[in-house]
Amino acid sequence: MLIRLGLLFGLLAGGGALAGAAAPPATPPAPAVTVTFAAGLAARFADRYGDAEADTLRAIATEAMVRAIRRAAPSTAASLTVSVVLEDAVASHPTRAEVLTNPALDPLRSRSLGGARLTAEVRDATGQVLARVARDHYAPDFDVASPAGDAWADARVAIDGAAARLARALRAAQAKPR
């Protein structure tokens with residue numbers, strides 16, 4: 001009984017020490033990100049890949065841009081807007097809609113040479129373009145294609161590359177005297 005009470009008091013005392021511990025650092029505010037699809041690509045998603053995959057690819061692009069801008073401009077990220085236009089995207093593996101349409105496809109073993117082409121720009125609060133980049137990446141062969149089982153594995157390479165370029169261009173623009 002005494003051991004249990006001692007343990008209880010020890011936990012309570014320790015909890016008090018934890019309550020006084022420093023809070024984890026706050027996440028910098030995120031820029032506003034808009035991801036749109038070129039008309040032909042939007043039609044391909046509706047006809048072939050499925051509308052849910054458009055949401056997936058939009059989320060991938062949004063997350064990549066937010067991460068890159070937060071790192072490049074943590075103090076001004078919230079006042080920036082990022083516009084991304086996905087001009088083309090090709091899945092590296094069949095999407096759920098493709099597998100449902102053609103059961104002979106295997107979500108992991110069936111592979112394609114995927115990739116994407118996109119443009120992105122960052123604007124400040126006044127609407128001035130601070131940085132603009134274009135990026136594309138398509139796996140040239142299966143030896144260099146992404147080994148990930150994600151349907152958008154090779155498109156992620158293009159998106160992450162565009163985000164990194166946009167962050168570098170933003171840093172360079174902010175370093176210039178106005």
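Among the listed residues V82, V99, which satisfies the condition of being over 19 Å from P31 (Cβ atoms) and outside any loop (DSSP other than H, G, I, E, B)? Just one listed residue meets the conditions, V99. Of the residues making up region 1-59, those that are basic (K, R), more than 24 Å from L166 (Cα to Cα) and either modelled with pLDDT of 95 or more or surrounded by 10 or more Cβ atoms within 10 Å (Cβ to Cβ) (or both) are R44, R48. Filtering region 59-82 to residues that are basic (K, R) and in contact with a Leu (Cβ under 8 Å, 6 or more places away or on another chain) leaves nothing. For region 133-178, the tally of residues that are out of contact with any helix residue (DSSP H, G or I) (no Cβ under 7 Å at 6 or more places or on another chain) and part of a helix (DSSP H, G or I) stands at 13. Regarding T62, is this residue out of contact with any helix residue (DSSP H, G or I) (no Cβ under 7 Å at 6 or more places or on another chain), in contact (Cβ under 8 Å) with a residue 24 or more places away in the chain, surrounded by fewer than 21 Cβ atoms within 10 Å (Cβ to Cβ) and not basic (K, R)? It is true that T62 is out of contact with any helix residue (DSSP H, G or I) (no Cβ under 7 Å at 6 or more places or on another chain), in contact (Cβ under 8 Å) with a residue 24 or more places away in the chain, surrounded by fewer than 21 Cβ atoms within 10 Å (Cβ to Cβ) and not basic (K, R). Sub-8 Å Cβ pairs linking a first residue in region 118-147 that is touching a residue at least 60 places away in the same chain (Cβ under 8 Å) and at negative phi to a second residue that is in a strand (DSSP E or B) and surrounded by 11 or more Cβ atoms within 10 Å (Cβ to Cβ), at least 6 apart or interchain, are V122/T81; V122/V82; V122/V129; V122/L130; V122/A131; V122/R132, ordered by first then second residue.
Among the residues making up region 131-177, those that are among the aliphatic types (A, V, I, L, M), surrounded by fewer than 19 Cβ atoms within 10 Å (Cβ to Cβ) and over 17 Å from E87 (Cα atoms) are V144, A148, A164, A169, A172, A173, A175.
Is there any pair linking a residue in region 163-178 that is over 16 Å from A134 (Cα atoms) to one that is surrounded by 13 or more Cβ atoms within 10 Å (Cβ to Cβ), with Cβ under 6 Å and at least six apart or on different chains, and which? That search, which allows pairs on different chains as well, returns R171/A72; A173/L130; A173/A131. Considering R71, R168, R109, R132, the condition of being touching a strand residue (DSSP E or B) at 6+ places or on another chain (Cβ under 8 Å), among the charged types (D, E, K, R) and farther than 25 Å from A43 by Cβ is satisfied by R132 alone. Look at S83 and say whether it is of a type in the set (G, A, S), closer than 20 Å to V35 by Cβ and touching a Lys or Arg at 6+ places or on another chain (Cβ under 8 Å). Yes: the conditions hold for S83. For A125, the conditions (1) closer than 24 Å to A78 by Cα; (2) surrounded by 12 or more Cβ atoms within 10 Å (Cβ to Cβ); (3) in contact with a helix residue (DSSP H, G or I) (Cβ under 7 Å, 6 or more places away or on another chain) all hold with the exception of (2).
The values are calculated or read from the model by the stated rules, or taken from the named source; none is laboratory data. In this text, all values refer to a predicted model and were calculated from it rather than measured experimentally. With ideal geometry, Cβ positions are generated from the backbone for all residues, glycine too; neighbour counts draw on all protein chains shown.
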